[in-house]
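The values are calculated or read from the model by the stated rules, or taken from the named source; none is laboratory data. What you see is a predicted model, and the numbers here were worked out from it, not measured in a lab. Every residue, glycine among them, receives a Cβ derived from its backbone with ideal geometry; neighbour counts consider all protein chains shown. When the accessible area is computed, the model is the full protein with side chains, heavy atoms only, and any ligands, DNA or RNA have been set aside. Shrake-Rupley method; radii C 1.70, N 1.55, O 1.52, S 1.80 Å.
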Amino acid sequence: MVEHGDIRVVHRGGSKINFREPVITHDSRYLLCASGECVKVFSTSTEECIHDLRGHTGLVTGVLLKPSNHLQVYSCSADGTVRLWDYTDGILIKVQLDSCIVFAPVFAVSVIAVIILVWKAGHNLFQLVAVDLPQSGDQLVEARELSAVLSDVSSNPAAIVFGRGGEYIASANGLHLEVYFFKKQKSYRFSLKEDNKKGGKNTVTCVACHPKDDCIATGHEDGKIRLWRNFNHKKEYTYSTLHWHHSAVSSLCFTPEGTNLLSGGMESVLVQWRYNQESERDFLPRLGSAITHITVSPDGALFCTSHSDNKITIIQSCVKVSAVIQGLVKGESVRTDMMVDPRSKSLVLNGKPGHLQFYSLPRDKLLYNLDIVQQEYIHESGLEQFEVVKAAFDASGSWLATVEERKQKDAELELNLKLWAFDEQTQSFVLNTTISAPHEARITAMCFCHATDSQTTMLVSTSKDGHFKAWQLVSDRALYRKAEFGPSWSCDFVGAYHGLVPECCCFSADGSLLAVSFQEVVTVWSPASWELLTTLSQPPKAVRDLCFGRLSCSKYLLGTTANNLLCCWNLLTCSLEWSTSMDISLLLADPLTENMAAFCCQAGSTDLFVFKPSEPRPVFSQKAVCSGKVTRAVFAPREEMLESCEESSQWLNHSQLYFLTPDLPVFPDIVIFLPPPFKLVIDDSVAMTPFYLLLGKHRQQEDADPLSGLSAERRPLPQCSVAIKELLQTPAHVLPSTSFLCSMFVQSLLISETKHVEEEMESEKEEEDSEGEMESSTQRPEQASLGGQAAPALTKAQLRELKRVKKLDHSWFPGLLHS
Amino acid sequence: MASFKPTKVQVYPKLGEKVTQDTLYWKNYKAPVQIKEFGAITNIDFSPVAPHNFAVTAFTRIHIYGPFSQEPVKTFTRFKDTAYCGRFRSDGQLLVAGCEDSVVRLFDVSGKVALRMFKGHTKAVHITDFTSDRYQILTGSDDYTCRLWDIPNATELNTYQEHTDYIRCGVTSKLNRDLFITGSYDHTLKLFDARADKSVMTMDHGQPVESLLLYPSEGLLVSAGGRHVKVWDLLKGGQPLVSLKNHHKTVTCLCLSSSGHRLLSASLDRHVKVYNTTNYKVVHNFDYAASILSLALAPDDESIVVGMTNSILSIKHRKSLDESKEISGQQRRQPSYRVFVKGKNYVPKQDDYLVSKPVKQHLAKYDKQLKKFNVSKALDTALETWTRLRKPEITVAVIKELDRRGTLKNALAGRDEQGLARLLNFLIGNVVDPRFAPVLVTAAEMILDIYQSVIGQSSVVDRQLLRLQELLEREIDYQQDLLEVLGMLDTMFASSLPRKEVPSLDFFNVSVSYDIIDSLLTCQPWSNGKM
C-alpha cells in the first residue's frame, strides 16, 4: 500500500539574503530579495516570508521591478536566464534564455530592454549588455540580440547606476568614473589620483545618481563621498566632498525625490545627508553589523538596509527601525558545533559576533539572538573581538554553557566560561556564573553530563593546557554573605594524564562514565569518584572524535583517529571490538536511537554512513552526499515519530539529520535528509484530515478484501471518488451550503447497482460504514444496530456470524463465475 | 536598534578570608584593654555570679577585676611564692589558690587574710578547685598526688597517688560532687570517684596534659597537651573522639563559648583558635602579641580575657548593639521611600490616554564618553581620584575596554605632566595586583613607548618612573622566589603521593574482524536491506 522512494537530501534554508540589494514594491508592502536559488517575498510589516519564487537553477544574482508593470519583477541568475515573475502569486511569466551569459549580476532597465552585467568568459572582463525583450507570448524565449553598452566595468553592481530617467549611465571602476550618455552616444571619463596627500584611498566603491538633478555621488574607500556635477563637460566638472565615514562607504542611495542621500558602511550607521545642505545629517546608529546595500522604496516611505550578518532592516523614513528580517547568520566560520536546544528544538550556533543564534529549522527563521559577550561591538576592521567558540546544552535545556575567547597578537588569551540558566518567567537564558580564565589555554571541547536522573549537573571542559576540569553546580549558601545569591558553578575536579593535551570528551548516556581522549590515549573516568578506570589506546595517531553508544549499544565507545581509523571499544571487556579504515570528518550519535552517523570524506566529496555499533552492516549509506568536507551536522528530534518500516529509512523515524554544506563560493546552506515521502498506491497521498479518515477507511476496506488484494491490477474506484475529489478540491468559499451538499455527498458514496455482484455486496458494507460515520455526529449507534435494521431482534453474535457467512460466500463466488 | 551596552566592570572576589557568621561574631569586639601584671599570667577565672568579676593569677598575687574596670577591685598578696590557679566557688563567695610553697589558701572574696590554709602537699600546688557540693576542695600538686580537703575543718579527706608525674590540670564535675578529673605530665587523664579509692577511668593523651575542660553536659571531655587537643567521650568509657592539631606549639588553655557551640584553644604559638563543636573545624582565629598561658570567656561571651607570658593581660569587650550600629548611623540619610514612588504608583483610569515615555538608559560618566568615542575623556573620568582609589576595578575595566576598542594608545597619549603623573600613580599602585596585572602591563608598555621622548623633562615623572622600575624589579624577585617554592612543593608532593598503577591495555594484538571493514568499505546498500 505504501511505496518507498529513496532517501533524499533536501536543502532546508539558511541561505544568504543579503547577497544583492533587495527591492521594495511600489505599494511598499512587499520586499523581494535574492536568496540562493530562489527569490523570497517578505512582507514589510510582519517580517514573514510570504512565498518563494522558485525556478532558477543557479544562484539568483539580482531582482528588479518591471518599470512598466508594478506587479511584475525580473530576476536573473547565474544559470544564464532572466525570468519575469508575477510576484504576488509567484507565477512565472516568461523566461529569457541567454546562452552566452556565464555570470550575470545586476541589471538596470529602460523600458524595453534589460541591461545586464555579464561576465564574458572569452574576454575575461565584465561587460554591460542590453538584452531586448521580445514581446512574444512564449514562455521560453531565446534572447539573441545582445548589444554591449559598456565594457570594462567593475564587477561590483553597486558601482553602476542609471541617471535621471535613464538618460545616462555612470559606472565606476577603480579610480575612474565613466558617464555614458545614451542620446549623445558619448562617454566621459574622470579619474582621481591613486592616493591623496593624507594617505586616503580614492578607489570608488559605490555610485548613486540623483533622480532629478544632474549629480552623481560616489563613495570611496577612505570613507569620503564625492558629489559630481557638470559631468557632461570634459574639463569643467566639479565635485564636492562629504566626509563622515571612517572606513569605506559600501552603499549610497538617493531618496526618490532627491531630498536626501543615504550612505552606509562598515560602521553600521545609516547616515542621512540633506541634499544641498550637507552639514545637516541624521544618524541611525547600532544597526548590528556592516551595511552592504541600501535601497529606498519607490514612494520613499521605507528605507531598507542589508547587513553583512544576513539581515535586512526596514527603516521608516523618519529614521526609525520598523522591522528586521534576519536569516541564518554565519560569520567567518561556525566555531560552535551545531546543536539543538532541547526546549525549543531550534538549531543553535554562533551567529553575530558575540551572540548565539536560535534558529527554527522547520520555519527557516531566526528566533532570537542570545547576547553572550554583552559588550558594545565596535565596527572597525582589524579589531580582535570576543567570539563565542564553544557552547553546550544540558539534557533538559535548563543550562547552557558558553565559552568566549579573544586573542590579541601579543597579549594573553582572554577566555570566559559562562553558564546560563533558563528562566521560566522570561523564557530565555539568564547569566548565572562567569568564570574568567577557566583554563590557561584554548578550550578544545566541552560537554554536559546528559544523565537525566542525576542529582547534580556537571560540565566537563578540556583545554590545550593539558587539563580537563569538571564544573559543578553548588548551592552552598554558607559560602556567601548574602542569601540572595542562588546556586552557582565552581570547579569540582582537575584532571590530567601524563601532561598530554586532551582533545575531546564525552559522557556516557547514563552519566556514569566520562571518556577523555589525550592524543592517542582514551581515558575513562568515573565522575562519581574521579577515578581513572581504564585507558584505551590506538597508538599511531591522535583521537579526533569520541562518542558513546546509546541505549542497547551503551557498552560501546567509538572514536575516530587522525589516521583514518574508526574504532569501537567494548567497555565491558575494555577491548577493541572492531575497527575500520575510513577518513571520517564527523562522527555523531543520535540521542534518541542507537544509530551513529559518520560523514566520511573521500575524493573531494562526502559520503554518509549510518550504522549501529553492534551490527556489522551500516543501516544506511549514501555516496557523495555533497562535495567538500562536512564538518557540522546535527540530529534533530522529530516532533512526532514516523512509522516507516523500510529498513534503510528507519533511522529517520525518530530524528532528522541536518548538516551544513561546506564552505563553497555559494553561501553554505543547511541541508537535511528526508525520508522518502509516503505514497499511497491507490491515490496521491492525502493529509490526515477527518475526510481522510472517513474515506481512507473506505478504501482500506476495499484493499482488505482478500481477492482484490491478490489481484495485481487496481480495480476501478467507485464513481463517488470523482465527486468527493471535486468536493475536496474546490475552494471553500465557492462551495454551496453544507446542507445542500450533504445528500449529494452521501449519494456519491453509494455504488450503482449495475456493478458486479461481488462488488455490490461489498458496497453494501461500505454504505453501512459510511452511513455510520455520517450519522455519528448525531448519535453513535453500534455498527450492528445499523446493519440490523431489518432484523432488530438479532443478537451481536448472530450478526457476526451472518457477516462471516457473507464474506465466506463471496470468496468462492467469482471462481464459480469464471469457471 | 540595540542600545549602548555599558562597559562591563569585572567583579573580583574579595581577597582575604571568607566572611562567615563566625567571623562576624568573633570580630565584633572592641580594641583590647591591656594591663601589665607583675609576672606571667597563669590563670584567669570568672566569678559565676554577677557582676562576673574575674580573678587573675600572676606571680605572687591574685587580682580581681570588675567587668569593665582597668584597675583591680581587690588584690590578694599573702602568698609567699608564686600563686597558682585562683578559682571562685560556684556562689562567688570564696576563692581558692595553690602556691609554689605547697600551701593551699582559701580566701573570702571580701576579706584579705586567708580563711583556711591546707597544708599537706610537699611540692607546688598547681591545681585547685571546689567540688560541686561547695564543701570540699580538690588540689593537685607536683608531688604527683591529688587530694580532697574538707573546707569547714581544713582536714585532708583523701589522697590519690596514681599519677607518676606533675599534676598540672584538673576539673571537678559540676553535676556530681564526687567526680573529678586530673591531667598530668605523665600523659594520662584520670577520672576519680571520691567514693572509691582508685581512679575509675584512665585515658592516654600522648603528651603532657596542660589543660582540661568538661562540656556542660559532662559527656565529653577536652584535653590539651603538646600540640594536640583531644576530645574524649566519657560515656563510652573514655573513647577518643577527635584529635585536633591546629597549633604549632603547646596548647595551654581551653575554653568553651557560652552557647557551648564553639571551643576555644589558646597556645604558646600566640594564637587562639575557635572550633565549631559539631565538625571541629577552625572557624576563627585570634592573634596575640605573646605566648598565651591563660584564656577565659565571660558569660555570654561579653569579653575575652587572655593572659600572656609577657605578663600582659588583654581584655576584649564585645561591642554593644548600638555601638555596632553607630557606623551605619553616620552615613548620609537617604531620601525616604515616599520620594521615589511619588507619582509612580498611579494606576491609569479607563479613559486615560497613555503617553509612553522612552526609558532613558542610565550610563556612567565614562560610558557616556565611550559612547561618543571620546577616548581620552573616558580615561580621564575613570582616573578621577575617588574611582582611582576606591574602585580601581572600574579604572581597569575602562582601560581594558579602550584596549579592546584598539584606542588605548590614543587615550594615553597627549597628556601633560599632571595627567601623566596621575596615570603613573595609578599604575604604581595597581600594576602588581594579580587581578589587574594583565591589563595594566600592556598599558604601562604603551605609556613607556609614547612618553620615552619626554623622559628627563619633568622631575615628577622621572621619580615616578624610577619608582615603577623598582617596583617591577622587586616583583620579579618575588615571582622568582615563589616559583622556587612551587618547585620545592612539587617535588615534595610527588614523593609523598603513592604511585598508582593504571591498568592499561595493549591493542596491538587485537584482531579486527575483516568482514566489518569490507562491509563498510564497499558502501553498497545490502540486497536484503530492501523490502
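The peptide list B:167-180, B:100-113, put in order of mean Cβ contacts within 10 Å with the highest first, becomes B:167-180, B:100-113. Computed from phi, the 3J(HN,Hα) profile of the stretch A:575-588 under the Karplus parametrisation 6.51, -1.76, 1.60 (θ = phi - 60°) reads 9, 6, 7, 7, 8, 8, 9, 8, 8, 8, 8, 7, 10, 9 Hz, with x in place of Gly and Pro. Diagonalising the gyration tensor over the Cα atoms of the stretch B:1-88 and scaling each eigenvalue by 5 before taking the square root yields semi-axes of 52, 14, 11 Å, largest first. Placing +1 on the Cβ of every Lys and Arg and -1 on the Cβ of every Asp and Glu, with no other charges, gives the stretch B:158-292 a dipole of roughly 400 debye about its Cα centre. With a ≥ b ≥ c taken as the square roots of the eigenvalues of the C-alpha gyration tensor of the stretch A:305-421, please select rounded if a/c is under 1.5 and otherwise prolate if a/b is larger than b/c or oblate if it is not? Oblate. Solvent-accessible surface (1.4 Å probe) assigned to residue A:368 amounts to roughly 70 Å².
A Förster radius of 22 Å, combined with the Cβ-Cβ distance separating residue B:241 from residue B:133, puts the computed FRET efficiency at roughly 0.15. Each label point was placed 7 Å from the Cα along the Cα-to-Cβ direction; for residue A:10 and residue B:413 their separation is 5.9 nm. Look at the stretch A:611-621: the mean tally of other chain Cβ atoms within 10 Å of its residues' Cβ atoms is 4. Interface area, chains A and B: about 4100 Å² of buried accessible surface, summed, with a 1.4 Å probe and ligands, DNA and RNA left out.
Rolling a 1.4 angstrom probe over the stretch A:167-229 with all protein chains present gives an accessible area of which 47% lies on carbon and sulfur atoms. Amide H contacts of residue A:268 (H built 1.01 Å from N, in plane; Pro and chain starts excluded): A:291 sit under 5 Å, all sequence-distant by 5 or more or on other chains.
May I ask which of A:352/B:391; A:66/A:212; A:330/A:541; A:407/B:409; A:352/A:407 have a Cα-Cα span longer than 23 Å here? Distance filter (> 23 Å) returns A:352/B:391; A:330/A:541. Under a 5 Å amide H cut-off, with hydrogens placed 1.01 Å from N, residue A:324 pairs with A:314 among residues at least 5 apart or on other chains. Counting only DSSP H runs of at least 4 residues, each contributing -39500 (n - 2.57), and dividing by the residue count of chain B, the helix-based mean residue ellipticity at 222 nm comes to -8000 deg cm²/dmol.
Scanning residues 5 or more positions from residue A:602 or on other chains, those with amide H under 5 Å from its amide H are A:607, with H placed 1.01 Å from N in the peptide plane. Relative to the current alpha-carbon distance between residue B:193 and residue B:441, full extension at 0.36 nm per residue lengthens the span by 82.0 nm.
Simple spin-label estimate for residue A:322 and residue B:486 gives 6.1 nm between the two label positions (7 Å along the Cα-to-Cβ direction from each Cα).
Students often get this wrong: which residues of the stretch B:430-449 have the backbone nitrogen under 17 Å from the point 7 angstrom along Cα-to-C-beta of residue B:389? Residues B:430 fall inside that zone. For residue A:155 and residue A:91, the FRET efficiency from 1/(1 + (r/R0)^6), where r spans their Cβ atoms and R0 equals 22 Å, is about 0.10. When the solvent-accessible area of the stretch B:218-277 is split by element, carbon and sulfur atoms take up 47 percent of it, the probe being 1.4 Å. Could you tell me whether the stretch A:552-652 comes out rounded, prolate or oblate from its Cα gyration tensor? Rule is a ≥ b ≥ c as square roots of the eigenvalues, rounded for a/c under 1.5, then prolate if a/b exceeds b/c, otherwise oblate. Here the stretch A:552-652 falls in the oblate category. Inverting the pair-averaged 1/r between distinct Cα atoms of chain B gives 30.1 Å as its Kirkwood hydrodynamic radius. Evaluated on the stretch B:258-322, the Kirkwood hydrodynamic radius is 12.4 Å, with distances taken between all distinct Cα atoms. Within the stretch B:400-444, what residues put their amide N at less than 20 Å from the label point 7 Å along the Cα-to-Cβ vector of residue B:466? Output list for this probe position: B:417-418, B:420-429. Within the stretch B:1-127, what whole-number % of the accessible surface is contributed by carbon and sulfur, with the 1.4 Å probe and all protein chains included in the calculation? Ligands and nucleic acids excluded, carbon and sulfur give 55 percent.
With every protein chain in place and a 1.4 angstrom probe, the accessible-area ranking of A:85, A:244, largest first, reads A:244, A:85. Computed from phi, the 3J(HN,Hα) profile of the stretch B:49-57 under the Karplus parametrisation 6.51, -1.76, 1.60 (θ = phi - 60°) reads 10, 4, x, 6, 5, 10, 9, 10, 9 Hz, with x in place of Gly and Pro.
If the chain linking residue B:319 and residue B:336 were pulled fully straight, counting 0.36 nm for each residue of separation and taking away their Cα-Cα distance, it would gain 3.2 nm. Converting phi to 3J(HN,Hα) with the Karplus coefficients 6.51, -1.76 and 1.60 and the offset θ = phi - 60°, the stretch B:147-154 yields 10, 10, 10, 8, 6, x, 10, 6 Hz in sequence order, with x at every glycine or proline. In the stretch B:395-410, burial by the other protein chains removes 50 Å² or more of 1.4 Å probe accessible surface, compared with the chain on its own, from B:404, B:405. Residue pairs exceeding 24 angstrom between C-alpha atoms, taken from B:5/B:342; B:371/B:400; B:80/B:119; A:390/B:368; B:80/B:316: B:5/B:342; A:390/B:368; B:80/B:316. Note on residue B:36/residue B:258: beta-carbon distance plugged into 1/(1 + (r/R0)^6) with R0 of 25 Å gives a FRET efficiency of 0.35. Residue separation of residue A:442 and residue A:274 scaled by 0.36 nm, minus their Cα-Cα distance, works out to 55.5 nm of gained length.
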